[in-house]
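What follows is a single structure, written as structure tokens, with notes after it.
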Amino acid sequence: MAGAFAGAALALALGCALAVAAAGQSEWLRAHATFYGGADASGTMGGACGYGNLYAQGYGTRTAALSTALFGGGAACGQCYKLVCDRKTDATWCKPGVSVTVTATNFCPPNWDIPAGWCNPPRAHFDMAQPAWEKIGVYRGGVIPVIYRRVSCVKKGGVRFAINGHAYFNLVLVTNVAGPGSIRAMDVRGSQAAAGWMAMARNWGANWHSLTYLNGQGLSFRVTVTDGQTIVFANLVPHTWRFGQSFSSNLQFKI
């Protein structure tokens, strides 16, 4: 009887923990938002995640640079956030009844010359592409208070991989990641490698590297995103690959 009671208590505790975790994932948090990049967002190209041309990569103008508190040294690259302008705090510069979802594609560095700089730690701040910012804010306001939360990323098509670097240094950019959007771990396997899967390391942003000579081999990738999902992209890259090439898969993470 005592064992059954203990089991029921444990189940209840686990259920409560899961409920709390689920609530935490959907919790609205407070931050501020500014904008950059011009009316066409052309000034947002490139960035600290390494995505390059955001139009060509499918990220468009719904993007943001994150402050240190959110960027996580690049771990947040690809994450999606839903933002609403906080009219309870500032009704003047907030557009009513609208929201916008952006993808993290850049880093907003701190400005230590200004002690109260918007992107200075520990502030949570979004420096948004101007078209995205203007969905929720009035241009003349310049800076607005927002509430935000993480949301799943919705993508068309499969995950994509671009291979750069040189012999003994394979730098792989991963883009178009659905679900959590951000990558926790990545491995590579060459078709001739007896060692099997080899761990890759985050080099910068959404770029991961390995220090193994893989030229002339077909490549497979194993990617784990930050909600724990793992997909094996088996034999995605043919042995004839060259540095500078990109490869699209037909596999995608669940939302």
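The values are calculated or read from the model by the stated rules, or taken from the named source; none is laboratory data. Keep in mind it's a predicted model, so treat the numbers as computed, not measured. Glycine gets a Cβ as well: all are built from the backbone with ideal geometry, and neighbour counts include every protein chain shown.
This table checks each residue for (1) out of contact with any Pro (no Cβ under 8 Å at 6 or more places or on another chain); (2) at pLDDT below 95; (3) surrounded by fewer than 18 Cβ atoms within 10 Å (Cβ to Cβ); (4) of a type in the set (A, V, I, L, M, F, W, C).
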| site | (1), (2), (3), (4) |
| --- | --- |
| Pro131 | yes, no, no, no |
| Ile144 | yes, no, no, yes |
| Asn164 | yes, no, yes, no |
| Val172 | yes, no, no, yes |
| Gly179 | yes, no, no, no |
| Met186 | yes, no, no, yes |
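Whether any residue in the stretch 144-166 is free of Cβ contacts under 8 Å to residues at least 60 places away in the same chain and either over 30 Å from Glu134 (Cβ atoms) or touching a strand residue (DSSP E or B) at 6+ places or on another chain (Cβ under 8 Å) (or both) is what I want to check. Lay out the reasoning, then the answer.
First pass over the stretch 144-166, keeping only residues free of Cβ contacts under 8 Å to residues at least 60 places away in the same chain: none.
The answer is no, given that none of the residues of the stretch 144-166 is free of Cβ contacts under 8 Å to residues at least 60 places away in the same chain and either over 30 Å from Glu134 (Cβ atoms) or touching a strand residue (DSSP E or B) at 6+ places or on another chain (Cβ under 8 Å) (or both).
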Scanning the stretch 226-253 residue by residue, those under 17 Å from Ile183 (Cα atoms), of a type in the set (A, V, I, L, M, F, W, C) and not in a strand (DSSP E or B) turn out to be Leu251, Phe253
Condition check for Val98: in the same structural domain as Cys49 (by TED's automatic domain parsing), assigned to a loop (DSSP other than H, G, I, E, B) and in contact with a strand residue (DSSP E or B) (Cβ under 8 Å, 6 or more places away or on another chain)
yes
Which of (1) in contact with a strand residue (DSSP E or B) (Cβ under 9 Å, 6 or more places away or on another chain); (2) without any contact (Cβ under 8 Å) to a residue 24 or more places away in the chain is the odd one out, the single condition Ala194 does not satisfy?
(1)
Leu171 passes all but one of the listed conditions (1) under 22 Å from Ser42 (Cα atoms); (2) free of Cβ contacts under 8 Å to residues at least 60 places away in the same chain; (3) outside the structural domain of Gly78 (by TED's automatic domain parsing); the exception is number (1)
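Provide a single number: the residues in the stretch 62-95 that are outside any strand (DSSP E or B) and in contact with an Asp or Glu (Cβ under 9 Å, 6 or more places away or on another chain).
First, pick out the residues of the stretch 62-95 that are outside any strand (DSSP E or B): 62, 67-79, 86-93, 95.
Now restrict to residues that are in contact with an Asp or Glu (Cβ under 9 Å, 6 or more places away or on another chain): 67, 95.
Final tally of qualifying residues: 2.
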On the basis of being over 17 Å from the mean Cα position of the chain (by Cα) and over 21 Å from Tyr148 (Cα atoms), does Gly52 make the cut?
no
